[in-house]
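Just so it is clear, none of the values below were taken in a lab; they were calculated from the coordinates. The structure displayed is predicted, hence computed values, not measured ones. Ideal geometry is used to build each Cβ from the backbone, glycine not excepted, and the neighbour counts take in all protein chains shown.
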Amino acid sequence: MTIGSIGRFTIIETLGSGAHSSILHIRREEDSREYALKLVAIDDKQDMKFLEQAKHEFRVGQMLDHVNLVKVFALEIQRNWFFRVKKVHLLIEHVHDSRRIYTDGRDWPKDMEPMFQGYSIGHWIDEDHDGRYDVLEVETRGMKGPRTFDSTGIPLAKDNATIVKERIYVDKSNKDLLHDQITTIDSALTRPWTITKDYQRIHDPGPYWWRESICAEGNPHVKIGNDDYYVGAEGYLMPTRPNQPPPDLKYFKKTSR
């Protein structure tokens with residue numbers, strides 16, 4: 001569902017607003033990518049200071065590039081028919097879900113708040129001692145549960161103490177092949193499980209359009225109280241274990257069949 005459009009952007013929803021600006025969740029028509037748009041209204045000469053603030057925010061945002069900072073993509077100024085500034089559009093990042101691997105030598109946080117991606121700490125290794133790093137070793141902890149091991153639905157342990165170790169490196173005989181050796185350590189497994197994922201570099205001038213994959217979309221799993229249920233293909237709530245009791249329906253009126 002959309003609520004309007006601004007130029008080549010479709011407005012999906014309003015994320016927030018303040019005294020002089022508002023933040024919109026938008027979608028760009030040409031590539032269907034979603035962004036946040038900061039909209040600054042310029043109603044009179046007194047508001048021109050907010051235009052200068054937006055320009056300064058854009059200049060600073062363009063100079064900064066860090067995983068913990070929201071990216072700033074573009075600044076657009078909308079004028080009326082006699083070239084008077086009316087609105088300022090600041091295009092910024094909407095969803096910031098890129099994986100972060102910290103390689104600055106830090107230790108694990110003392111109070112580790114669980115996250116779906118967990119905390120990943122890595123360090124570079126020069127295995128053949130030629131003066132160039134060729135392997136990135138990564139360890140991930142602190143992943144939020146409950147979680148399944150793979151698409152078969154095998155559950156991982158409820159203690160959420162899973163540790164995932166990775167060795168990421170380029171193939172020595174084929175520079176277009178990247179390997180990610182992944183080892184999962186969890187008390188629900190009889191032993192550490194290791195698998196290697198391979199990624200092939202494709203030499204093509206492009207352009208490439210990356211497809212979006214949001215696991216929350218169409219998710220049939222439902223948590224009610226302390227129990228997990230499943231929505232079947234027919235749209236009915238189903239149990240996830242034998243003899244699982246139904247959820248408490250005390251707030252629903254009973255209807256006769």
Q | Amide H partners (placed H, <5 Å) of PHE149, local residues excluded | A | ILE154, LEU156
Q. If r is the Cβ-Cβ distance from ASP171 to HIS129 and R0 is 25 Å, what FRET efficiency results, to the nearest 0.05?
A. 0.85
Q) Over 28 Å between Cα atoms, which of LYS144/LYS197; LYS38/LYS165; LYS158/LYS254; LYS144/LYS172; LYS110/LYS175 qualify? A) LYS38/LYS165; LYS158/LYS254; LYS144/LYS172; LYS110/LYS175
**Q.** Computed over the stretch 101-200, Cα set: Rg, Dmax in Å
**A.** 15.2, 44
Q | Label point 7 Å beyond Cα of TYR199 along Cβ direction - residues of the stretch 123-167 with amide nitrogen under 18 Å | A | 123-125, 133-140, 164-167
Q) Once the dipole of the stretch 109-243 is set up with Lys and Arg at +1 and Asp and Glu at -1 on Cβ about the Cα centre, which of GLY225, SER187, HIS129 lies farthest towards its positive end? A) GLY225
Q) For ARG33, which sequence-distant residues (separation of 5 or more, or a different chain) have an amide H within less than 5 Å of its own amide H, given hydrogens modelled in the peptide plane? A) ARG28
Q) How many nm separate the modelled label positions at GLN244 and ILE224, each set 7 Å beyond the Cα in the direction of the Cβ? A) 1.1 nm
